[in-house]
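Here it is, the structure, as structure tokens.
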Amino acid sequence: MSRSRAALGGCLMGAAGILLTACSGGGGAASYDGPSSWPVQTATGVFTTGAVDPGSSARAAVSAPSTWNLTRSTPGDPNVDPSSWPDAATVFTDKQLVTLFPEAAKVKTPSCTKLTLPGGVKTPRNSSCTWSVSLPESGGTVSTVTLSFHGFGADGPMTAAWLAEERTQITGRITGDVFFTPGTFGAKGAYFLSNMHSSVLVSNGKNAAWIDLDFSGFYQAFGNNADKTLAGLRTQVFPVLVEDLVGRLPRTNEGVPLVGTATGTAS
């Protein structure tokens, strides 16, 4: 499956990483000194609250995750120091993925890569990892879960960057694309596209993380039907993974608390 239908642009460098100061226009983001509020959106029918399939109870996370300690090296710089980025390989464990997919026969050690940041420097730790999952009745076909850190940064600028990409996806949305109301599953933002590409914005009110999740296969896990697979991943697996990510960067008392609505529109 392909990732996003639209090319990432603006201040986001795609495979070259993220540099929030590039969006400042000469100092806007660089002078950032505090958290922004979580967006409250007006009803238009674009956004939806997250429906969780009862089957997800059998796929609950194994244990409470450890939290991430993100630091920004220079006062006023919205970019999180790459040396404090977590290692993507430590986010999901084999045991957790087997629990997420009870039918799984085997979960292989993830294949990981580091992100190349602007300037050609690679992140100290893995920024993207793919886990291969074999199901008993897959006939040798391997399904995959890929987690990618798109970037970490100050809440306000990172939120603006993520929302800009979400607006692009909303503009080009097709049947099967789902955009969640802020606060769904505890995340500041989330969407799940029909091509099995999804994205999550997690924030503790001070720093935020843009994380992409991509799925491939898993047809045997949901009745060997593409529509059922998409629905199963979105309503049973995705909510559990998002809640795990939220637990890594739990919301604090910084910033303005979120007041969500059932539906809304990006502004």
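Looking at this structure, is Ala154 of a type outside the set (S, T, N, Q), surrounded by fewer than 18 Cβ atoms within 10 Å (Cβ to Cβ) and farther than 22 Å from Ala104 by Cα? Please lay out each step first, then the result.
On the way: of a type outside the set (S, T, N, Q): yes; surrounded by fewer than 18 Cβ atoms within 10 Å (Cβ to Cβ): no; farther than 22 Å from Ala104 by Cα: yes.
Judged against the criteria, Ala154 is not a match.
Could we say that Arg167 is in a loop (DSSP other than H, G, I, E, B) and more than 13 Å from the chain's Cα centre (by Cα) here?
On the way: in a loop (DSSP other than H, G, I, E, B): no; more than 13 Å from the chain's Cα centre (by Cα): yes.
The answer is no for Arg167.
Tell me whether segment 197-206 contains one or more residues that are open to solvent by 20 Å² or more (accessible area, probe 1.4 Å), in contact (Cβ under 8 Å) with a residue 40 or more places away in the chain, of a type outside the set (Gly, Ala, Ser) and assigned to a loop (DSSP other than H, G, I, E, B). Reasoning before the result, please.
Initially, segment 197-206 is screened for residues open to solvent by 20 Å² or more (accessible area, probe 1.4 Å), giving 204, 206.
With the extra rule that they be in contact (Cβ under 8 Å) with a residue 40 or more places away in the chain, the set shrinks to 204, 206.
Cutting the leftovers down to of a type outside the set (Gly, Ala, Ser) gives us 204, 206.
Going one step further and asking which of them are assigned to a loop (DSSP other than H, G, I, E, B), we end up with 204, 206.
Taking every residue of segment 197-206 in turn, at least one turns out to be open to solvent by 20 Å² or more (accessible area, probe 1.4 Å), in contact (Cβ under 8 Å) with a residue 40 or more places away in the chain, of a type outside the set (Gly, Ala, Ser) and assigned to a loop (DSSP other than H, G, I, E, B).
Among the candidates Asp177, Asp214, which residue alone is farther than 29 Å from Asn69 by Cβ and open to solvent by less than 30 Å² (accessible area, probe 1.4 Å)?
On the way: Asp214 fails: farther than 29 Å from Asn69 by Cβ.
After ruling out the rest, the residue left standing is Asp177.
Can you tell me which residue among Thr99, Thr130, Thr141 is surrounded by fewer than 16 Cβ atoms within 10 Å (Cβ to Cβ) and farther than 17 Å from Ser84 by Cβ? Steps first, answer last, please.
On the way: Thr99 fails: surrounded by fewer than 16 Cβ atoms within 10 Å (Cβ to Cβ); Thr130 fails: surrounded by fewer than 16 Cβ atoms within 10 Å (Cβ to Cβ).
Of Thr99, Thr130, Thr141, the one residue that is surrounded by fewer than 16 Cβ atoms within 10 Å (Cβ to Cβ) and farther than 17 Å from Ser84 by Cβ is Thr141.
Is there a residue in segment 135-142 that is aliphatic (A, V, I, L, M) and touching a helix residue (DSSP H, G or I) at 6+ places or on another chain (Cβ under 6 Å)?
Initial filter on segment 135-142 (aliphatic (A, V, I, L, M)): 135, 142.
Now drop any that are not touching a helix residue (DSSP H, G or I) at 6+ places or on another chain (Cβ under 6 Å), which leaves 135.
Checking segment 135-142: at least one residue is aliphatic (A, V, I, L, M) and touching a helix residue (DSSP H, G or I) at 6+ places or on another chain (Cβ under 6 Å).
Mind telling me which of the residues Lys106, Lys114 ends up being within 22 Å of Thr229 (Cα to Cα) and either out of contact with any helix residue (DSSP H, G or I) (no Cβ under 8 Å at 6 or more places or on another chain) or touching a residue at least 40 places away in the same chain (Cβ under 8 Å) (or both)?
On the way: Lys114 fails: within 22 Å of Thr229 (Cα to Cα).
Checking each option against the conditions leaves just Lys106.
Just a yes or no: is a residue in segment 218-233 open to solvent by 10 Å² or more (accessible area, probe 1.4 Å) and assigned to a strand (DSSP E or B)? Let's see the steps before the verdict.
Residues of segment 218-233 open to solvent by 10 Å² or more (accessible area, probe 1.4 Å): 219-228, 230-231.
Okay, now just the ones that are also assigned to a strand (DSSP E or B), so none.
For segment 218-233, residues open to solvent by 10 Å² or more (accessible area, probe 1.4 Å) and assigned to a strand (DSSP E or B): absent.
Given Thr113, Thr93, Thr146, which one is modelled with pLDDT of 90 or more, open to solvent by 20 Å² or more (accessible area, probe 1.4 Å) and more than 17 Å from Phe218 (Cα to Cα)? Don't jump to the end; show me each part of the working.
Details: Thr93 fails: modelled with pLDDT of 90 or more; Thr146 fails: more than 17 Å from Phe218 (Cα to Cα).
Among Thr113, Thr93, Thr146, only Thr113 is modelled with pLDDT of 90 or more, open to solvent by 20 Å² or more (accessible area, probe 1.4 Å) and more than 17 Å from Phe218 (Cα to Cα).
Before we move on, is Phe185 within 15 Å of the chain's Cα centre (by Cα) and on the phi > 0 side of the Ramachandran plot? So that I can check it myself, show each step before the final result.
Values: within 15 Å of the chain's Cα centre (by Cα): yes; on the phi > 0 side of the Ramachandran plot: yes.
The answer is yes for Phe185.
The values are calculated or read from the model by the stated rules, or taken from the named source; none is laboratory data. What you are looking at is a predicted structure, and each value in this text was computed from that prediction instead of being measured. As a convention, Cβ positions derive from the backbone with ideal geometry for all residues, glycine included, and neighbour counts pool all protein chains shown. The area values use the complete protein model at the heavy-atom level, side chains included, leaving out ligands, DNA and RNA. Shrake-Rupley method; radii C 1.70, N 1.55, O 1.52, S 1.80 Å.
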